[in-house]
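The values are calculated or read from the model by the stated rules, or taken from the named source; none is laboratory data. As the structure is a prediction and not an experimental result, all values here were calculated from the model. Positions of Cβ are backbone-derived with ideal geometry, glycine not excepted, and every protein chain shown enters the neighbour counts. Each accessible area value is taken on the protein alone, full model and side chains, heavy atoms only, with ligands, DNA and RNA left out. Shrake-Rupley method; radii C 1.70, N 1.55, O 1.52, S 1.80 Å.
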Amino acid sequence: MSYPGKERGMDPNTYYLRTFGCQMNDHDSEHIAGLLEGMGLRRRARPDEAEVLVFNTCSIREKADRRLAAHLREAGHLKEDGPRLIVVAGCLAQSRKEGLVEDFPFVDVLVGPQSLHELPRLISERRATGRWTGAFHDETTHFSAELPRADIAGPTAWVQIMAGCSNYCTYCIVPYVRGPEASRPPLEIVREIEGLVTAGLREVTLLGQNVNAYGLEPGFSYGVTFPDLLELICEVEGIQRVRFLTSHPKDFSDRLIEVIAAPNQVCEQVHLPVQSGSDRVLAAMGRHYDRRTYLDLVARLRAAVPEVSLTTDIIVGFPGETEAEFEDTLSLVEEIRFDGAFTFIFSPRPGTAAARLPDRVPRDVAEQRLQRLVDLVQRVARERNQAWVGRTVEVLVERPSRQSPGEVMGRTRGYKPVNFVSKAPPGALVQVELLDATSTSFKGREIAGAGALGPAVSCPTPAGRRLEAAAQGRG
Ligand code: 5AD
Ligand code: SF4
């Protein structure tokens, strides 16, 4: 059978997948890929080579919408060449629903983040009926983690522990598109991590919009909170490092600080979005903490974990933000001295409370504020990194360097990338002397002879101690 489009390089039964947005979307995409591969499709690197084109979208800021529009138009042109199928998945599909088909009539399938498990059915239905189809569940009934997953490259993996968010920060669209908080049963998480470690992975990053709220939603019956979950995960034999994203300051407990401080596999790294340094703006954002509470939390965290790597998210130009309020954000950054920050200009999202607020900050003012903030964040981050130069640290090798042959890229426990010459394979833990620093990465030198380390540290929980004692013949 002749296959229109084939002569132009398109292979039937193939897919192209492009992901926008956050780590949760990247993780969802691993499962979208798993589902498509389960349908017999093979991945292609370029859209013109593939039959099914999938865009896993983000709606957190307007810029993401605009970028998607350009990609979709290109996909629409490709469709003129052959029988392609265009799928829009993720948050923008959920927020725009059929509005997306009105704007882009060549779109075939829409699938929201809570409906990814329906993707194979939707594709078959579209093929059978010739009409666009969509699914948009409001609540999480199937975690992405339960779906098949495409192969993971490298020694690190994301593990979803929660879906959704119930915080309704006034600027944020996430609760509207990803539904209310829902936590995965702890045993399923532990089983998944055991499987990953058996497959050779060394490090997991636990994912949720607000991981500190793990297990706190009504109806969660396992009696396991986030610090408990971390301790359970530390007991998985062979796991070397555990990270987590993202933390909300209002739910960050002292017990969590204790678990990070304990000599276990939980890395000394916290991403703790502050959003603003102004009490008026924080209240208008609906964040439920003020500047003082945030500073106190960071002081407690640093007292317990002096070398913690602390990063944050900051929004400038929230409606009504005055110059003095913006300067409160600058002074907070000076005072805290973050290791890094993701910085954003406020983007009004349809349906959110802040989108209806008066006193929008003019674009040029917001852009100037962003630039001043970025300059400060980078200066502080460079200074903080430079203070590590000369020290020798444990690095987990992730992959060969993309720029320099013979070098590898690995990360410190604080999640800082280090490039250095090494023959160590991905997954090796090596000792590296830090030679030079920028605001975002290091150059290093492997300490010869140190070799790969065993399990990084011992496990402090009662079950962990039992395991250790048994391993040393004391059990
Ligand atoms: N405009 C700008 N930034 C936003 N964020 C979330 N919503 C918006 C918005 N409407 C930022 C916050 C959040 C990060 C993931 O994205 O800083 O922590
Ligand atoms: Fe959005 Fe706030 Fe939830 Fe984060 S905590 S996803 S900023 S609503």
Whole-number percent relative contact order across the stretch 144-384, with pairs defined as alpha carbons under 8 Å at least 6 apart: 17 percent
nm² value of the averaged projected area, convex hull over the Cα atoms of the stretch 144-384: 13.7 nm²
E102-R360 FRET efficiency (beta carbon distance; Förster radius 22 Å; 0.05 resolution): 0.20
Whole-percent pair-distance distribution, where bins are 20 Å wide, for the alpha carbons of the chain: 22, 54, 23, 1
Alpha-carbon Debye profile of the stretch 307-371, log10 I(q)/I(0) at 0.16, 0.17, 0.22, 0.24 Å⁻¹: -0.58, -0.64, -0.95, -1.06
Point-to-point label distance, E62-E37, nm (Cα→Cβ direction, 7 Å offset): 3.9 nm
Where only C-alpha atoms are counted, convex hull volume of the stretch 8-135 per residue in Å³: 94 Å³
Loop sites in the stretch 85-180: GluC sites (Glu not before Pro), DSSP, at most 16 other Cβ within 10 Å: E139
Eligible lysines near K79 by straight Cα distance, threshold 19 Å, same-chain separation 8 or greater: K6
Net lengthening on full extension, S166/E217 (0.36 nm per residue, minus Cα-Cα): 17.5 nm
A69-A448 FRET efficiency (beta carbon distance; Förster radius 60 Å; 0.05 resolution): 0.70
In the stretch 204-291, the GluC sites (Glu not before Pro) that fall in loop regions by DSSP, at most 13 other Cβ within 10 Å: E237
Net length gained if the chain between R402 and R46 were fully extended (0.36 nm per residue, minus Cα distance): 126.2 nm
Solvent exposure ordering (accessible area, 1.4 Å, most first) of H77, H142, H288: H288, H77, H142
Mean ellipticity per residue at 222 nm, deg cm²/dmol - from DSSP H runs of n ≥ 4 across the chain, formula -39500 (n - 2.57): -10500 deg cm²/dmol
Cα extents of the stretch 392-446 along the three principal axes, largest first (Å): 24, 21, 16
Semi-axis lengths (Å, descending) of the ellipsoid that matches the C-alpha gyration tensor of the stretch 55-109: 19, 12, 9
Relative contact order %, the chain, counting alpha carbon pairs below 8 Å whose residues are six or more apart: 10 percent
Cβ-derived FRET efficiency at R0 45 Å, D151 paired with V374, nearest 0.05: 0.80
